[in-house]
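Reading through the structure tokens given below for one structure.
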Amino acid sequence: MYFKERLKSERELKGWSQSELADKLHVSRQSISKWETGKSFPNIELIIQLSDLFGITIDDFLRSDERLENKIIDDSKNLAYPNLKKLFEALLILGGFFIMIKWFVLGVNTYMDTDIYIHGVPSNVSNYLPLGMATVGWIGGSILSKKYK
């Protein structure tokens with residue numbers, strides 16, 4: 001049984017109109033109508049509420065319709081690890097920025113015969129930290145972008 005048929009069947013078993021169900025879920029009646037005609041699907045939060053209202057498992061709703069199952073999986077991919085993705089992007093940008101500064105300082109030191117350096121910071125840190133940040137940001141961002149949209 002497809003989700004749309006299951007939803008309509010469960011709603012009618014409770015004796016609720018589309019408007020009454022919409023009020024319980026705090027959505028429009030048109031949303032219920034679209035779900036029951038298969039034109040759209042609810043999000044996972046609403047599926048949880050529906051399962052509670054009808055006393056059936058979420059699995060019964062999800063496994064009843066492959067399209068709904070795929071939509072929920074796609075939705076979860078869109079939402080998974082957004083802060084981690086931002087962290088990797090920030091590392092990549094900061095690492096790249098520090099590499100450009102390092103190149104600038106290297107160019108100034110080479111062509112203007114100066115000796116600019118950062119006091120108190122070991123040369124290994126100033127040489128390899130920006131590259132490490134950019135590399136970790138790039139690899140982490142690449143992994144997440146392949147797994148999640």
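The values are calculated or read from the model by the stated rules, or taken from the named source; none is laboratory data. This one's a predicted model, so the numbers in the text were calculated from it and none came from an experiment. Glycine gets a Cβ as well: all are built from the backbone with ideal geometry, and neighbour counts include every protein chain shown.
Scanning segment 37-66 for residues that are touching a residue at least 24 places away in the same chain (Cβ under 8 Å) and part of a loop (DSSP other than H, G, I, E, B) yields Gly38, Phe41, Asn43, Ile56, Ser64, Asp65.
In this entry, Ile116 passes the filter for residues that are over 23 Å from the mean Cα position of the chain (by Cα), loosely packed, with under 14 Cβ neighbours inside 10 Å, of a type in the set (A, V, I, L, M) and assigned by TED's automatic domain parsing to the domain that holds Ser142. Annotation note: of Lys85, Lys34, the sole residue that is assigned to a helix (DSSP H, G or I), more than 30 Å from Glu20 (Cα to Cα), among the basic types (Lys, Arg) and out of contact with any His (no Cβ under 9 Å at 6 or more places or on another chain) is Lys85. Inspection of segment 1-18 finds a residue satisfying the criterion of being assigned to a helix (DSSP H, G or I), surrounded by fewer than 13 Cβ atoms within 10 Å (Cβ to Cβ) and either at pLDDT below 85 or aliphatic (A, V, I, L, M) (or both).
Every residue, every condition in (1) in contact with a Phe, Trp or Tyr (Cβ under 7 Å, 6 or more places away or on another chain); (2) modelled with pLDDT of 90 or more; (3) more than 25 Å from Ser142 (Cβ to Cβ); (4) surrounded by 12 or more Cβ atoms within 10 Å (Cβ to Cβ), yes or no:
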residue	(1), (2), (3), (4)
Leu21	no, yes, yes, yes
His26	no, yes, yes, no
Lys34	no, yes, yes, yes
Leu53	no, yes, yes, yes
Thr57	no, no, yes, no
Glu66	no, no, yes, no
Gly95	no, yes, no, yes
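The number of residues in segment 88-118 being outside any helix (DSSP H, G or I) and either touching a residue at least 24 places away in the same chain (Cβ under 8 Å) or in contact with a helix residue (DSSP H, G or I) (Cβ under 7 Å, 6 or more places away or on another chain) (or both) comes to 4. Take the conditions (1) over 14 Å from the mean Cα position of the chain (by Cα); (2) loosely packed, with under 14 Cβ neighbours inside 10 Å; (3) not assigned by TED's automatic domain parsing to the domain that holds Arg11; Lys86 misses just one of them, which is (1).
Being over 14 Å from the mean Cα position of the chain (by Cα), among the charged types (D, E, K, R), at negative phi and not assigned by TED's automatic domain parsing to the domain that holds Lys14 is a property that holds for Lys102.
If you go through segment 119-140 and keep only what is in contact (Cβ under 8 Å) with a residue 40 or more places away in the chain and either not hydrophobic (A, V, I, L, M, F, W, C) or not assigned by TED's automatic domain parsing to the domain that holds Lys85 (or both), you end up with Thr135, Gly137, Gly140.
Do we find a residue being more than 28 Å from Lys8 (Cα to Cα) and either β-branched (Val, Ile, Thr) or in contact with a Ser or Thr (Cβ under 9 Å, 6 or more places away or on another chain) (or both) anywhere in segment 64-86? Yes, segment 64-86 has at least one match.
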